[in-house]
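What follows draws every value from the coordinates through simple rules; no lab data is involved. All values derive from a computational prediction rather than experimental measurement. Cβ coordinates were reconstructed from backbone atoms using ideal geometry, including for glycine residues, and neighbour counts include every protein chain displayed.
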Amino acid sequence: NFQTYDYDLCVIGGGSGGISAAKEAASMNKKVALFDFVTPSQHGTVWGLGGTCVNVGCIPKKLFHRASLLNEEATTSDNFGFHMKKSFTWKTLVDNVQKYIRNLNNNYEKELEKNKIDYFNAKAVFVDKHRVKFAGEERTVSAQNFIIAVGGRPTYPDIPGAHLGITSDDLFSLNKDPGKVLLVGASYIALECAGFLNGLGYDTTVMVRSILLRGFDQDIANMIGEDLESRGVKFIRSHVPTELVAQDKENIIVKAEHTSSKEKYEEVFNTVVFAIGRTACTQDLNLNSLELPVEPNQKLVTKDEKTPVHSVYAVGDVIHNAPELTPVAIKAGKLLVKRIYRKTTEQMNYKLVPTTVFTPLEYGCIGYSETDAKATFKNVVVYHNEYVPLENALESEPRKCYAKLVCDADNGEKVLGFHVLGPNAGEITQGYALGVMLGAYKQDFDALIGIHPTCAEVFTTLSVTKESNKKLESSG
Ligand code: FAD
Ligand code: NA7
């Protein structure tokens, strides 16, 4: 029963996960096709090859974060004898970031070509478990295996006038000054955008339905909220928008209500950004033809990246219950392809994933939040301290930063969770994550010699437990 197919592997989606899987398979001399198609946003924004991270996610986000930190540094540079100029042009930032992204798009295309991967700039739709067609055409492609890596797109709320709002898909290429901005949502995309927009000088408000940063350590989530507030970000707590009305070309009336009292609220903004979660792009794949069920958020339930259809796999944001992060999609794609073609057994570890929230004070973490650790382990001990980065010491009121280790007291104080709030937290966390991944104990952190003077050294001298209720005294 020997059958031939056009390709060994057909990857649907040219983002972090799809490109990584396609390149891995091509490196094993497999014949690979890759489909990537970007459906225009509600405001007509489109972009090139590379997916969310490159075009409308991590990359532009980090560059906008960098721009806002530059503004902050220019302000504090006075203490170091500088008087830096502080005028900012939104268009220059947008143009330069977009130019950089176009370069990355071109590089991705070249890499696919170099790896002899057939790239189709088209939307793929399943016909059966070994065939997809080009959307709107009769042309089909057959393959022995498929990897669905279609990612997701920002969700719009189901309220009148929602179309007047934009999302992260539009923000980084917005061709006009954002003006007075409302961010709806309280997870990391909303808070990161609030952080850099405020840092760039825009009047910024965040509308929060319940808590900040669900799933993250709540002590630190609240510290981020306080820090943003101290910088001038306004928070409208316990509210959800109910309607958006165009007052005129420049102004949007936002109507909202309190989540419990239902009291009404109304304010005018120039830009409304929805960051209320993302919906997986599975609706147009014709998954019915494969009898593949999806979750309410349109995500696919997989086991070890396998779907119930033997020739169809999935990686990245499209997977239900996996962290929506680029390195996760990349690693999962590579490992999957190795298992399919090299018969390796290594599985993706979705548990110990380091990550960072790029708010003005960055928050890096790996492992359990304090709340999750306490819900999972019987005897949890938390070591913590505040610290002031030496870099900020000349400021009259330097911002306090924070370090926390969540440990399992019943297992020799094995580190369950590592959390740091402060400048360059992403860089600090990436290094320490190796220790946590290798199973470090609190005593290993104590034995480690600090690098002085750094922020990261705070983790080598943590001695106060949260349980002791001792007042923290900033080290630095
Ligand atoms: P994607 O990168 O979304 O790629 C999927 C591709 O498939 C897209 O190009 C899509 O258009 C295409 N596609 C969809 N349907 C079809 C179809 N039927 N046919 C053909 N093509 C199709 N992650 C981090 O690790 N760090 C960060 O700092 C970070 N910041 C972020 C900031 C923002 C604002 C956002 C939105 C996300 C951020 N992320 C971050 C998350 C990260 O971008 C995603 O986790 C990652 O891009 C997921 O990769 P993926 O391959 O699953 O999907
Ligand atoms: P998340 O992480 O899914 O969080 C969604 C946030 O939006 C969260 O604060 C929600 O509040 C809030 N939310 C959800 N629905 C609504 C409505 N209808 N109205 C108001 N607020 C709402 O989304 P993000 O967009 O920040 O990030 C998605 C992922 O993309 C992220 O994990 C990154 O890795 C990439 P809640 O706490 O549920 O009350």
Ellipticity estimate at 222 nm from DSSP helix runs (n ≥ 4, -39,500 (n - 2.57)) divided over the chain, nearest 500: -9000 deg cm²/dmol
Work out from phi, with θ = phi - 60° and the Karplus expression 6.51 cos²θ - 1.76 cosθ + 1.60, the ³J(HN,Hα) of each residue of the range 410-423, listed in order in whole Hz, and give x for Gly and Pro. 7, 10, x, 6, 5, 6, 9, x, 10, 9, 9, 10, x, x
Gain on full stretching of the segment that runs from residue 390 to residue 261 - 0.36 nm per residue minus C-alpha separation: 41.9 nm
Which shape class applies to the range 250-381: rounded if a/c is under 1.5, otherwise prolate when a/b exceeds b/c and oblate if not, where a ≥ b ≥ c are the square roots of the Cα gyration tensor eigenvalues? oblate
Nearest-ten-degree value, helix 16-27 long axis tilted from longest Cα axis of the chain: 50 degrees
Helix 188-199: angle to the longest alpha-carbon principal axis of the chain, degrees 0 to 90, nearest 10? 50 degrees
Restricting things to Cα coordinates, could you compute the convex hull volume per residue of the range 343-448 in Å³? 129 Å³
Could you check the simple spin-label distance between residue 473 and residue 155, using points 7 Å along Cα→Cβ, in nm with one decimal? 4.8 nm
Classify the range 349-389 as rounded, prolate or oblate from the Cα gyration tensor: take a ≥ b ≥ c as the square roots of its eigenvalues, call it rounded if a/c is under 1.5, otherwise prolate when a/b beats b/c and oblate if not. oblate
Karplus-derived HN-Hα couplings along the range 344-359 (A = 6.51, B = -1.76, C = 1.60, θ = phi - 60°), whole Hz, x at Gly and Pro: 6, 10, 5, 9, 5, 9, 7, 8, 8, 10, x, 8, 9, 9, 8, 7
Quick P(r) readout (the range 123-259; Cα-Cα; 10 Å bins; whole %) gives 10, 32, 26, 15, 14, 3
Quick one: net charge around residue 353, please, counting Lys, Arg +1 and Asp, Glu -1 for every other residue with C-beta under 12 Å from its C-beta. +1
Bridge orientation stat for the chain from DSSP, antiparallel percent rounded to 5, came to 65 percent
Note: the range 75-180, point scatterers on Cα, Debye, no solvent; log10 I/I(0) at q = 0.13, 0.18, 0.20 Å⁻¹ equals -0.86, -1.13, -1.17
For the range 404-476, the Cα gyration tensor yields equivalent-ellipsoid semi-axes (√(5λ), largest first, whole Å) of 18, 17, 11
Quick one: compute a quarter of the convex hull surface over the Cα atoms of the range 1-55 and quote it in nm². 5.0 nm²
Expressed in angstrom and rounded, the centroid-to-centroid distance over alpha carbons for the range 25-75 and the range 356-381 is 28 Å
Of the cross-linked pairs 176/249; 23/338; 110/343; 30/116; 62/404; 61/351, which ones have a Cα-Cα span greater than 21 Å in the structure shown? 110/343; 62/404; 61/351
Using θ = phi - 60° and the Karplus curve 6.51 cos²θ - 1.76 cosθ + 1.60, what whole-Hz ³J(HN,Hα) does each residue of the range 167-184 get, with Gly and Pro shown as x? 9, 4, 5, 10, 4, 6, 10, 4, 8, 9, 3, x, x, 7, 10, 10, 9, 9
Quick calc, residue 83 & residue 303: beta-carbon distance into FRET formula, R0 51 Å, rounding 0.05, result 0.25
Any chance you could run the full-extension gain for residue 98 through residue 203? It's 0.36 nm times the residue separation minus the Cα-Cα distance, nm to one decimal. 35.4 nm
Most packed first (mean Cβ within 10 Å per residue), the peptides 344-355, 192-203, 233-244 order as 192-203, 233-244, 344-355
Charge-dipole axis of the chain as Lys and Arg at +1 and Asp and Glu at -1 on Cβ define it, positive-most pick from 15, 179, 145: 145
Report, as a whole number in µm² per second, the diffusion coefficient that Stokes-Einstein gives for the chain at 25 °C and 0.890 mPa s using the Kirkwood radius over alpha carbon pairs. 102 µm²/s
quick note, the range 1-141, DSSP beta bridge pairs, % antiparallel (nearest 5) is 45 percent
Roughly how tilted is helix 326-342, in degrees to the nearest 10 and between 0 and 90, from the longest Cα axis of the chain? 40 degrees
